[in-house]
2 protein chains.
Amino acid sequence: MNPDLRKERAAASFNPELLTHVLDGSREKTRRRREIENLIMNDPDFQHEDLNFLARSERYEVAVRKSANMVKKLREYGIADPDEILWFKKLHLVNFVEPVSLNYSMFITTLLNQGTTAQQEKWLLPSKGLQIIGTYAQTEMGHGTHLRGLETTATYDPNTQEFILNSPTVTSIKWWPGGLGKTSNHAIVLAQLITKGKSYGLHAFIVPIREMGTHKPLPGITVGDIGPKFGYDEMDNGYLKMDNYRIPRENMLMKHAQVKPDGTYMKPLSNKLTYGTMVFVRSFLVGEAARALSKACTIAIRYSAVRHQSEIKSGEPEPQILDFQTQQYKLFPLLANAYAFQFVGAYMKETYHRINEGIGQGDLRELPELHALSAGLKAFTSWTTNAAIEACRMACGGHGYSHCSGLPNIYVTFTPTCTFEGENTVMMLQTARFLMKSYDQVHSGKLVCGTVSYLNGLPSQRIQPQQVAVWPTVVDIDSPDSLTEAYKLRAARLVEIAAKNLQTEVIHSKSKEVAWNLTSVDLVRASEAHCHYVVVKLFAEKLPKIQDKSIQNVLRNLFLLYSLCGISQKAGDFLQGSIMTEFQITQVDQRIKKLLTVIRPDAVALVDAFDFKDLTLGSVLGRYDGNVYENLFEWAKQSPLNKTEVHKSYYKYLKPLHSKL
Amino acid sequence: MNPDLRKERAAASFNPELLTHVLDGSREKTRRRREIENLIMNDPDFQHEDLNFLARSERYEVAVRKSANMVKKLREYGIADPDEILWFKKLHLVNFVEPVSLNYSMFITTLLNQGTTAQQEKWLLPSKGLQIIGTYAQTEMGHGTHLRGLETTATYDPNTQEFILNSPTVTSIKWWPGGLGKTSNHAIVLAQLITKGKSYGLHAFIVPIREMGTHKPLPGITVGDIGPKFGYDEMDNGYLKMDNYRIPRENMLMKHAQVKPDGTYMKPLSNKLTYGTMVFVRSFLVGEAARALSKACTIAIRYSAVRHQSEIKSGEPEPQILDFQTQQYKLFPLLANAYAFQFVGAYMKETYHRINEGIGQGDLRELPELHALSAGLKAFTSWTTNAAIEACRMACGGHGYSHCSGLPNIYVTFTPTCTFEGENTVMMLQTARFLMKSYDQVHSGKLVCGTVSYLNGLPSQRIQPQQVAVWPTVVDIDSPDSLTEAYKLRAARLVEIAAKNLQTEVIHSKSKEVAWNLTSVDLVRASEAHCHYVVVKLFAEKLPKIQDKSIQNVLRNLFLLYSLCGISQKAGDFLQGSIMTEFQITQVDQRIKKLLTVIRPDAVALVDAFDFKDLTLGSVLGRYDGNVYENLFEWAKQSPLNKTEVHKSYYKYLKPLHSKL
């Protein structure tokens, strides 16, 4: 083991194994996860080539091979539990994506949620076996978030009992679906349904796009790759243009809405159920944010323990860069953040399953809050994580810029999360709509429950926005409860300001919609404060549940660092409304510096507890063992530019210049 | 022209051409810049292929060809003025880098600064003609910012009158130099000079690394490419290992320090002069930050004018996304920032040339402040720009993630600026050292001048950090002078807090160095506030110099937006020390929202004024003309994955899975 890392591990105040159990949920879950991971690590069929050295077409090729191998192995090992598949995939893919993933995550899921029993019988088995390789085509070149704006049409023809699919404009071309460009032979296409001359809005259709067996695009279908992106090199995100393309009536997913053979439209019983999938995906993304941030922290903190640079005292050996206060201040708050998001991710997963069970029994009461919460937390955690990964990368200095760090790949693979499954600003505004609705309920004398129950305590008859929310309060900056209370007051104050500003705009504006737009900056700010409060609250609530005192202690320090750094960064929010005093803010800044030195000896153990395999990190700098510099040198030698000793470019372009001097 | 852009241009309150003259410096400079740019745009020898579709080795190949072509054309057109070369290069390279650039920017520059007349006579002409292709090798695998830590040695052997160069460890391998991997045949190597058994610190040596003519690495030299990076794909950043590699005594650059034939070391007259190059490079980088940010804003704002999405009022056509307050709030402050940095960049360039003239006449008085200012501003502008480019990219939604936007390339090409030529945190701490020195001077009764002269006004006998800097003041949030004053007070307060905290730590710590480390978070914060003040001040001072009233008016709005957003984001800093009241902060937030609507009609004209050619932007989304979606579709079709209609991966890996069902 690297001597610096050995020293760090020996100095930790706690046993990281116990913390790993906390993160996994139990000792047994940790054991089983490792068992699955070992299948991959010990299986010679998994060649763990470094995709960094390959061109995009080669990366695609390797990814398809890996996908196929994975499907084979999952069958072979009999792994079917969704969590276990996830562990398997995560280790197998190593920060990369796979072309057939949408077949499982979107095609099959939509089939299950929206297909009739007959449809499931027909399509499910072949798609599970990858005979049918499906994707999910919703977004169009000119239309993303706003679903009503989608232009693709599916017009029913009762004479042939077919739907005629059309992409009437350039902007209506389906754009972005993963695996669409080269890999898939079917797509679930979202299109505006037209029957008997009337439009009924978006519905889902199973559309064959390539001929089975030959894999050639079918007549009427134009399909291809949308070109290179920031990341997702292995993924053939694609486009799809349909020209009078006919599919049988039975290819419309008809579990909810239906079109009868004569073209009669039967509307669904409830629209609310389509909520479910989105809520699931967004809840899942909160956990993904936690995971990406934990990875980035692992790499940056291990490297900072190994890297020696500069000097604190003149003439002494170069210290570990982890000993610089500025480096600690960059990384430890992010580490605390990673833990906060881990607990939020676990909470969202539990909550989703709990509420989903309720839905199964017809209980939809908690759905609106879960919807608002998952939207806001998806945005809050992904924005934070996005910036944090880059902060980790830059904290690794020059080497962070090299793919040897693994960090550029983590970043480019993660950053679409801010945009997909609901653009973050739009998500924040959805949360804001729930907050405004809750605020109005309180003002009309009703009580609200759940995470917004703090609104019940708002004094009501205020007029001036700047005078709202003056609570007499003393914040104890060492108390999780008291800090949570401070975040709650801040959220309440910003929700109230947004609501008052919205009311003012409604009076001055031509319409409610214009007023909403002219208040949207305040609304986003209110949602952020609400989400921040929820994260702090969930973290605080986790602490007393931890059995082991040493673990509880380190997590408590991380909690304090997380919540105090939030206060320091948004000091204005806490000073306004007199939630905290100027003197307290000064104390917060001093306390943060103390906490950095307290956390310092445990930093490496805290990232070890995330228990990433070297393989999963895909990072030379974050490797658990060995000499980072020797590893780096070996890695660099694989560069394709090193394959030719004397480069033809020199002879071809540079040498001819000399004679012309 | 795109109809949305035409409408926007018609609605502007000013003539962007006049603003372009302001940015270029004069009407004549604009004319000449365009003349140079037209040489490239109208020259069929410049093939403007899109590097996004190529593999790394191909990109390198194209870049070398482009480099060679550029050198030829510069000779042909007789362009020699540094500014003009820059215009030429910028348009020619389009967000990409070139393998021979270090020959000009570093090899020749160092030769001029540190070589004797004889050395310049020998090396200058062949390197200008690219017979000698040089690079600059300073950074090592294990050592970056801390120059004393560099391990490479150059030991003088008086018997043969040679230096023996060695890379004694893995960590001492030279790492990162641009063009070193494949392109260069010489490097200026920085090594610890040892003569007569004594070490004299870092000195520069000209080291042949490849054989002239054959381009093969010379015996004793191990050289290669360091592998793939986040960006800089076209650049062969390289490594260099030297094993008892001998070079003649004459290859040490001896303008300042010298080694006599018998090995006697002659030290340089002054160490201060080495300051000069660094100050120049960092001043230049401030302008580069402005340029990168201006580019990103141009793309994001044009696209936001063209993109229609979602709805403000139900049932009406989809509005331009530039009409959403949240989108304006994302982009307009960044646009204001771009203008602020443009003026700071121009100021740094002027100041550098003025002070450099002084240095030529032996006047070094202003050098320390310029050094501190260029270090801090390099960090301040590059950090801000770094985050801002990503904000622009994400403001373009999904398409921002595609290379069609041009934004990923702008980002990955810019982001190393935060690390190279002095890592940003280290830079901020250098500025802090100057601030602390100035603060101490004031406290010992001396006056300081220049940008830190505000420290002269600090009341002195204070003890508690939290009580400092209570100035009675009324900030007029519509007055550039008053806002500049507010930023000045904030800087003064944070400098004082850092100084007081440093004093406290000195009392409690074992040493000054430890105290410095334990205060470094405060020190960085003080430097940031100082730099922020300088940027606001320079922007405010620019306003009265503008002749045209319509231009002055739009710039004034941008100034207000820039400075008010800074206050809103750092509200805590302005509330503490009672620089502003809570009521004023509320007013600031309201005023920002108003400014967004005021700037809205001018937004497109404001980015047009940057006058980027479509070619320079390298962006489908930011193109001046045409239908963005049709352009996008044409662009995507070029994807290499579209070259084979039926992909072999399907047959090879996916089809075989079916039979195993």
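The values are calculated or read from the model by the stated rules, or taken from the named source; none is laboratory data. Quick caveat, the model's predicted, so the values are computed rather than measured. For neighbour counting, all protein chains shown are included, and Cβ atoms are generated from backbone atoms with ideal geometry for every residue, glycine included. Just the protein is used for accessible areas: all its heavy atoms, side chains included, with ligands, DNA and RNA removed. Shrake-Rupley method; radii C 1.70, N 1.55, O 1.52, S 1.80 Å.
Over the Cα atoms of region A:148-270, what is the Rg over Rh ratio if Rh follows Kirkwood?
Working: Rg = 14.9 Å, Rh = 15.0 Å.
Ratio value, two decimals: 0.99.
Under 5 Å between amide hydrogens, which residues at least 5 positions from A:Asp548 or on another chain qualify, with H placed 1.01 Å from N in the peptide plane?
Close amide H contacts, sequence-distant or interchain: none at all.
May I ask you to list the residues of region A:196-231 whose amide nitrogen lies under 18 Å from a point 7 Å from Cα along the Cα→beta-carbon direction of A:Arg75?
A:213
Karplus couplings for region A:67-79 from phi (6.51 cos²θ - 1.76 cosθ + 1.60, θ = phi - 60°), rounded to Hz, Gly and Pro as x?
Going residue by residue, I get 4, 4, 4, 5, 4, 4, 5, 4, 5, 4, 7, x, 8 Hz, with x marking Gly and Pro.
Among A:Asn15, A:Val475, A:Pro168, pick out the residue whose Cα is farthest towards the positive end of the charge dipole of chain A, where Lys and Arg carry +1 and Asp and Glu carry -1 on C-beta, about the Cα centre.
A:Pro168
Under the definition of Cα pairs under 8 Å and six or more residues apart, what whole-number percent is the relative contact order of chain B?
16
Taking a temperature of 10 °C and a viscosity of 1.306 mPa s, what whole-number D in µm²/s does Stokes-Einstein yield for region A:234-363 with Rh from Kirkwood over alpha carbon pairs? Mind dumping the intermediate values first?
Numbers: Rh = 20.3 Å.
Reported coefficient: 78 µm²/s.
Give the chain A residue with the shortest beta-carbon distance to the rotation axis relating chain A to chain B, plus that distance as a whole number of Å.
Checking which Cβ lies nearest the axis yields A:Ala55, 2.
Using label points projected 7 Å from each Cα along Cα→Cβ, tell me how many nm separate B:Ala10 and A:Thr222, to one decimal.
Modelled inter-label distance: 3.1 nm.
Exactly which GluC sites (Glu not before Pro) in region A:89-178 are in a DSSP loop and have at most 11 other Cβ atoms within 10 Å? Before the final figure, lay out the partial values.
On the way: sites: A:Glu121, A:Glu140, A:Glu151, A:Glu162; in loops: A:Glu151.
For GluC sites (Glu not before Pro) across region A:89-178 that sit outside H, G, I, E and B with at most 11 neighbouring Cβ atoms in 10 Å, the list is empty.
Roughly speaking, what is the stretch gain from A:Lys313 to A:Val506, that is 0.36 nm per residue apart minus the C-alpha to C-alpha distance, in nm to one decimal? Provide the component values of the computation, followed by the final result.
Values: separation 193, 0.36 × 193 = 69.48 nm, distance 6.18 nm.
The span from A:Lys313 to A:Val506 would gain 63.3 nm if fully extended.
So if I average 1/r over every pair of distinct C-alpha atoms in the protein assembly as shown and take the inverse, what Kirkwood radius in Å does that give?
It is 32.8 Å.
Suppose accessible area is computed on protein heavy atoms with a 1.4 Å probe; arrange A:Thr586, A:Thr431 from highest to lowest.
A:Thr586, A:Thr431
How much FRET efficiency would the formula 1/(1 + (r/R0)^6) give for A:Asp43 and A:Lys637, where r is the Cβ-Cβ distance and R0 is 35 Å, rounded to 0.05? Mind showing how you got there, number by number?
Numbers: r = 26 Å, r/R0 = 0.76.
Here the calculated transfer efficiency is 0.85.
Let me check something: with ligands and nucleic acids excluded, how do B:Met394, B:Met427, B:Met212 order by accessible area (1.4 Å probe), largest to smallest? Provide the component values of the computation, followed by the final result.
Details: B:Met394 35, B:Met427 0, B:Met212 85 Å².
Ranked list, largest accessible area first: B:Met212, B:Met394, B:Met427.
Using a basic spin-label model with each label point 7 Å from the Cα along Cα→Cβ, how many nm lie between A:Arg65 and A:Gln547?
If labels sit at A:Arg65 and A:Gln547, their model points lie 4.6 nm apart.
How far apart, in nm, are two points set 7 Å out from the Cα along the Cα-to-Cβ line at A:Ala387 and at A:Gln569?
Reported label-point gap for A:Ala387 and A:Gln569 is 0.5 nm.
Which is the longest stretch in chain A that no exposed loop site breaks, taking sites as trypsin sites (Lys or Arg not before Pro) with a DSSP loop state and at most 14 other Cβ atoms within 10 Å? Intermediate results must be reported in sequence, preceding the final value.
On the way: sites that count: A:Lys196, A:Lys313, A:Arg365, A:Lys446, A:Arg462, A:Lys510, A:Lys643, A:Lys660.
Longest stretch, sites excluded: A:1-195.
Run a plain Debye calculation on region A:485-555 (Cα atoms as equal point scatterers, no solvent) and give log10 I(q)/I(0) at q = 0.12, 0.14, 0.26 Å⁻¹, rounded to two decimals, same order as the q list.
-0.46, -0.55, -1.01
For region A:42-131, compute the orientation-averaged projected area of the C-alpha convex hull (one quarter of its surface), in nm².
Working: hull surface 26.5 nm².
Answer in nm², one decimal: 6.6.
Tell me, in nm to one decimal, what length is gained between A:Glu513 and A:Lys446 on full extension, where the rule is 0.36 nm per residue of separation less the Cα-Cα distance?
Working: separation 67, 0.36 × 67 = 24.12 nm, distance 2.49 nm.
Fully extending the segment from A:Glu513 to A:Lys446 adds 21.6 nm.
Could you put A:Asp225, A:Asp573, B:Asp83 in order of accessible surface area, largest first, with the 1.4 Å probe and the full protein assembly present?
Numbers: A:Asp225 0, A:Asp573 25, B:Asp83 55 Å².
Most to least solvent-accessible, the answer reads B:Asp83, A:Asp573, A:Asp225.
For q values of 0.14, 0.19, 0.22, 0.23 Å⁻¹, compute log₁₀ I(q)/I(0) with the Debye formula on a Cα-only model of region A:567-661, without solvent.
Values returned for q = 0.14, 0.19, 0.22, 0.23 Å⁻¹ are -0.80, -0.99, -1.07, -1.10.
So what are the radius of gyration and Dmax for the Cα set of chain A, in Å?
27.2, 90
What does the average come to when, for each residue of peptide B:626-639, you count the partner chain Cβ atoms lying within 10 Å of its Cβ? Working shown, then result.
Working: counts 0, 2, 4, 9, 3, 1, 9, 10, 0, 3, 12, 5, 3, 13.
Mean shielding by partner chains, rounded to a whole number: 5.
Residues of region B:3-109: accessible area per residue at 1.4 Å, in Å²? Walk me through the intermediate numbers first.
Working: 4680 Å² over 107 residues.
With the other protein chains kept in place, region B:3-109 gives 44 Å² per residue.
Determine one quarter of the surface area of the Cα convex hull of region B:1-63, which equals its mean projected area, and express it in nm² to one decimal.
Orientation-averaged projected area of the Cα hull: 7.0 nm².
Give the value in nm², to one decimal: projected area of the alpha carbon convex hull of region A:73-225, averaged over all directions. The partial results should precede the final answer.
Numbers: hull surface 43.0 nm².
So the Cα hull casts an average projection of 10.8 nm².
Counting Lys and Arg as +1 and Asp and Glu as -1, each charge on the Cβ, what is the dipole of region B:384-465 about the Cα centre in debye, to the nearest 20? If you can, show how the numbers build up before the last one.
On the way: 5 positive and 4 negative charges, 62 e Å.
Rounded to the nearest 20 debye, it is 300 debye.
Under the 0.36 nm per residue contour assumption, what length would be gained going from the current alpha-carbon distance of B:Thr117 and B:Val474 to full extension?
122.5 nm
Taking the convex hull of the alpha carbon atoms in region B:338-425, what volume per residue do you get, in Å³?
Details: hull volume 8.8 nm³, N = 88.
Convex hull volume per residue, Cα atoms: 100 Å³.
If you count only protein heavy atoms and use a 1.4 Å probe, how large is the accessible surface of A:Val286, to the nearest 10 Å²?
0
A:Thr135's amide H: which non-local residues (gap 5+, or another chain) put their own amide H closer than 5 Å, with H modeled 1.01 Å from N in plane and none for Pro or chain starts?
For A:Thr135, whose amide H was placed from the backbone, the distant partners under 5 Å are A:His186, A:Ala187, A:Ile188.
Rounded to the nearest 500, what is the 222 nm mean residue ellipticity of the protein assembly as shown from helices alone, with -39500 (n - 2.57) per DSSP H run of 4+ residues and division by all residues? Mind dumping the intermediate values first?
Working: 46 runs with 685 residues, N = 1322.
My calculation for the protein assembly as shown gives -17000 deg cm²/dmol from helical runs alone.
Name the chymotrypsin sites (Phe, Trp or Tyr not before Pro) in region B:64-141 that are in a loop by DSSP and that have at most 12 other C-beta atoms within 10 Å, would you?
Working: sites: B:Tyr77, B:Trp87, B:Phe88, B:Phe96, B:Tyr104, B:Phe107, B:Trp123, B:Tyr136; in loops: B:Phe96.
Passing sites in region B:64-141 do not exist.
Give me a single rounded figure for A:305-317: the average over its residues of other chain Cβ atoms within 10 Å of their Cβ. Please list the in-between numbers first.
Values: counts 0, 0, 3, 5, 8, 9, 4, 7, 6, 4, 1, 1, 1.
Neighbouring Cβ atoms belonging to other protein chains average 4 per residue here.
Over the Cα atoms, compute the radius of gyration (one decimal) and Dmax (the largest Cα-Cα distance, rounded to a whole number) for region B:1-158, in Å.
Considering region B:1-158 through its Cα atoms, Rg and Dmax are 21.1, 76 Å.
Share of region B:1-142's accessible area from carbon and sulfur, percent, 1.4 Å? If you can, show how the numbers build up before the last one.
Numbers: 3260 of 6070 Å².
Within region B:1-142, the accessible surface is 54 percent carbon and sulfur.
Pairs to check: A:Lys378/B:Lys593; B:Lys7/B:Lys570; A:Lys488/B:Lys570; A:Lys593/B:Lys174; B:Lys229/B:Lys330. Give those whose C-alpha atoms are more than 31 Å from each other in this structure.
Numbers: A:Lys378/B:Lys593 26 Å; B:Lys7/B:Lys570 37 Å; A:Lys488/B:Lys570 21 Å; A:Lys593/B:Lys174 36 Å; B:Lys229/B:Lys330 29 Å.
Listed pairs above 31 Å: B:Lys7/B:Lys570; A:Lys593/B:Lys174.
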